[in-house]
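Report on one structure; see the data block that follows.
Each reported figure results from applying straightforward, stated rules to the coordinates on display, with no laboratory input. Given the structure is predicted, the values throughout are model-derived calculations rather than measurements. Cβ coordinates were reconstructed from backbone atoms using ideal geometry, including for glycine residues, and neighbour counts include every protein chain displayed.
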Amino acid sequence: MTNEEYSNFLLPNVEHDWKYYEEKYPKRNISESQFVTRFAPSPTGFVHMGSLYASFADLQLAKQTNGICILRIEDTDGKRTVENGVQGIIDDFKNLGITFDEGMGFGGEYGPYLQSERKDIYQAYAKKLIEEGLAYPCFATPEYLDEIREYQAHKKLRIGIYKKYAKDRDLSQEEVLERIKNGEKYIIRLKSPGNFDNKVVLHDLIKGDIEMPENDIDEVIIKSDGLPTYHFAHAIDDHLMHTTHVIRGDEWVSSYPIHEQLFKVLGFELPKYAHIAPITKKEGNIVRKLSKRKDEDAAISYYVKKGIPTQVIRLYLATIENYDFEEWYTNNPDKTIDDFNFEFDKMPIGGTAFDIEKLMSISKIYFSRLKNTELFDMLDKYTEEYDVDFNKVINENKEYTLNILNIERDIERPRKDIGALDEVKSYFWYMYPTLFDENNDVYFEIKSCDKNIVLDYINNIYDKNDDQEKWFNKLKEFASLNGYCSDKKEYKENPDKYIGMVSDFCALLRVIICKKNQSPNIYYLIKYLGKEELIKRINKYYN
Ligand code: GLU
């Protein structure tokens, strides 16, 4: 049998040979400075904080170099695949408004982008290796493999099929054909040319140079179901898709020697590698990877329900991804994330603890920078789904709601109170008479004065046309003439002579208006509520 006949016999029904695929997927017409990255999840569940974090660098770096980011779905491990997992990932990304330049659900010339649809491609390259004597069929049974593993573990030896454990490595064609005729099952292994005493160096773009022993293990490349292992698929796919930068979780660092070797034996050019450390969570004294099963705040649905936009999650991830991003973002109110230049050497080498408080504080900055119309549109959409009653209230008089949302917004240092859309109601309910009546009084200590004084102020002093300065000067003068003190020192010395300070008069107005001891500037609250509503509230307060 010629080598070609032999490889055809071992892997029959492969439609094309590897040369066909080399031609089908030619080099991309891009310059050296453009990155081709790929996010390559396995369809094991919904998109979560960890996957967004991992895809973030791929997307950002491709975008900022005018390159290409691919979504490739790695479903070669049927046992881990969940129902609807593939479509679920595509839908999740699309719902989050995240698009890839190419890939599953996004099209492109370098597909298919689902590994199970690339079986023929992997087998074509496995046949090439068989023909060159660089791969071989292995008949080892699961029992034999278990036995070897146990023995190696017991003797504290390296685990795997290498040297004397690779029993089928040098079988002759005749022996192989005989065993197949006898019905023995086989998989395909790499015939590793490596020597464990030699070193390979991973030039990691984040972690720096890492020296490791060369791979000498005869790794499986094609499994019993005909599909490739992760290692083999990685080499073939990233070669044929012309990935320039493999950005992936750092659990893959230790597999690098296998990958480097596979690229070498296949005659492929090695891409650049960047291994990212995971987002972690502290549980007691243990620091572990953020878990989509254990941590409710790892699920994107958690943020969707609260009304925290994807953009905020991206901003938060950017603060982890590059250490100087947060400062840049804080100092550049009119820039977006896409104006920032992400760099590998500013990425964390070790795991970063997930910090929901930081995420919320970034969210507050984000919301404070929105225009009132933008905030209204988001709130409208959000309440339509999560709070229909409030949706009606804000839409009854849209102009009025826009004014309210604009309080202390359109200024140099906008108010940073809203962190999520589900909080907006708790900040502004009192500006809507129906909601004001529904809310029970809140009691805390307040220096009250005679009702007539407040009525006198509203009826005879307050003028809606006054600007803020004039309004305050008039209020201060009025309060001083009606038993309030405008001088701190004087008040400290003779507290009994006064009802309180001028600030106490403001606090009283605030309670009358919103039953709270904190609120945005009451100048605006009074202005938008109007005299008539205010008088109603004064009457209610003194009832
Ligand atoms: N499917 C692999 C995983 O989910 C991807 C690793 C890679 O990006 O190459 O871990």
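Things worth noting here:
- Pairs with Cβ under 6 Å, 6+ apart, first in the stretch 370-387 and surrounded by 15 or more Cβ atoms within 10 Å (Cβ to Cβ), second among the β-branched types (Val, Ile, Thr): Leu379/Val424
- Picking from residues in the stretch 278-302 that are free of Cβ contacts under 8 Å to residues at least 60 places away in the same chain and in a helix (DSSP H, G or I), the one that is surrounded by the most Cβ atoms within 10 Å (Cβ to Cβ) is Tyr302.
- Single match in Glu396, Glu385, Glu374, Glu412 (criterion: under 30 Å from Leu317 (Cβ atoms) and over 26 Å from the mean Cα position of the chain (by Cα)): Glu412
- The single condition from (1) touching a strand residue (DSSP E or B) at 6+ places or on another chain (Cβ under 7 Å); (2) touching a residue at least 60 places away in the same chain (Cβ under 8 Å) that Val86 fails is (2).
- Taking the criterion of being part of a helix (DSSP H, G or I), more than 16 Å from the ligand (Cβ to nearest atom) and either in contact with a helix residue (DSSP H, G or I) (Cβ under 9 Å, 6 or more places away or on another chain) or of a type in the set (A, V, I, L, M, F, W, C) (or both), the only residue of the stretch 92-109 that qualifies is Asn95.
- Check on Thr65, surrounded by 17 or more Cβ atoms within 10 Å (Cβ to Cβ), away from the ligand (no atom under 15 Å from the Cβ) and of a type in the set (S, T, N, Q): yes
- Any chance Asn465 is within 27 Å of Gln311 (Cα to Cα) and not hydrophobic (A, V, I, L, M, F, W, C): no
So that you can scan it fast, the table gives a plain yes or no per residue for (1) within 16 Å of the ligand (Cβ to nearest atom); (2) touching a His at 6+ places or on another chain (Cβ under 8 Å); (3) part of a loop (DSSP other than H, G, I, E, B):
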position: His16; (1), (2), (3): no, no, yes
position: Glu22; (1), (2), (3): no, no, no
position: Gln34; (1), (2), (3): no, no, yes
position: Arg38; (1), (2), (3): yes, no, no
position: Thr76; (1), (2), (3): yes, no, yes
position: Ile90; (1), (2), (3): yes, no, no
position: Gly111; (1), (2), (3): no, no, yes
position: Ser116; (1), (2), (3): yes, no, no
position: Ala124; (1), (2), (3): no, yes, no
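- Put simply, of Ser301, Ser291 the only residue that is within 15 Å of the ligand (Cβ to nearest atom), closer than 30 Å to Asp387 by Cα, under 18 Å from the mean Cα position of the chain (by Cα) and not basic (Lys, Arg) is Ser291.
- Among residues of the stretch 40-56 that are part of a loop (DSSP other than H, G, I, E, B), those with a beta-carbon under 7 Å from a residue that is within 13 Å of the ligand (Cβ to nearest atom) and among the small types (Gly, Ala, Ser) at least six positions away or on a different chain give the pairs Pro41/Ser51; Pro43/Gly85; Thr44/Gly85; Gly45/Gly85.
- Failed item in (1) surrounded by fewer than 22 Cβ atoms within 10 Å (Cβ to Cβ); (2) farther than 19 Å from Arg248 by Cα; (3) β-branched (Val, Ile, Thr), with Thr99 passing the rest: (2)
- Contacts under 7 angstrom Cβ, first residue in the stretch 236-247 being touching a residue at least 12 places away in the same chain (Cβ under 8 Å), partner within 12 Å of the ligand (Cβ to nearest atom) and in a helix (DSSP H, G or I), 6 or more apart: Val246/Asp238; Ile247/Ala57; Ile247/Asp58
- Residue in the stretch 329-341 that is touching a residue at least 12 places away in the same chain (Cβ under 8 Å) and of a type in the set (Lys, Arg) present: no
- If you go through the stretch 476-520 and keep only what is aliphatic (A, V, I, L, M), out of contact with any strand residue (DSSP E or B) (no Cβ under 7 Å at 6 or more places or on another chain) and within 21 Å of Tyr542 (Cα to Cα), you end up with Ala479, Ala507, Leu508, Leu509, Val511, Ile512, Ile513.
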